[in-house]
Amino acid sequence: MLFFRRRIERVLDVKKIEERHRTEEKEPLEKGDLTAMLIAAFLVFLPAVLLLIGVVYLLLWLFIR
C-alpha cells in the first residue's frame, strides 16, 4: 500500500473532494420526494424480506415436521 500512496493521493485528492462537498448547497426535498423514497424502499426491501421469511419458514417446517 505504501508503494502506491502517491498515486492514490494524486487520483483521489481527499481534501479537495471534502472541501467541494462542504461548499455544495443542499437542495431541499420537494413535496412528494419523501413519499416516493418510501415507496421505492418498500418495493426494494419487501420482496427480499418476504423471501427471507419464506426460507426461514421452510427450514423450520422441514426440521420440525
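Every read-out reported here was derived from the displayed coordinates using simple, explicitly stated rules and does not represent laboratory data. Keep in mind the model is a prediction, meaning the values are calculated, not measured. Glycine also receives a Cβ, built like all others from the backbone with ideal geometry; neighbour counts cover every protein chain displayed.
At a Förster radius of 35 Å, what calculated FRET efficiency corresponds to the Cβ-Cβ distance of LEU62 and ARG7, to the nearest 0.05?
Numbers: r = 53 Å, r/R0 = 1.51.
Plugging the Cβ-Cβ distance into 1/(1 + (r/R0)^6) gives 0.10.
Arrange the following residues from fewest to most other Cβ atoms within 10 Å of their Cβ: ILE39, ILE64.
Numbers: ILE39 11, ILE64 6.
With the sparsest Cβ surroundings first, the list reads ILE64, ILE39.
Among the trypsin sites (Lys or Arg not before Pro) in the stretch 1-64, those located in a DSSP loop and surrounded by at most 16 other Cβ atoms within 10 Å of their own Cβ are LYS26, LYS31. Given a Förster distance of 25 Å, report the FRET efficiency between LEU52 and VAL14 from their Cβ-Cβ distance, rounded to the nearest 0.05. About 0.10, to the nearest 0.05.
Against the empirical 2.2 N^0.38 Å (N residues), the chain has a Cα radius of gyration ratio of 2.15. Find me the longest stretch of the chain that has none of the exposed GluC sites (Glu not before Pro), where exposed means in a DSSP loop (not H, G, I, E or B) with at most 13 other Cβ atoms within 10 Å. Longest stretch, sites excluded: 31-65. Where only DSSP H runs of four or more residues are counted, the chain gives -25000 deg cm²/dmol as its mean residue ellipticity at 222 nm, each run worth -39500 (n - 2.57).
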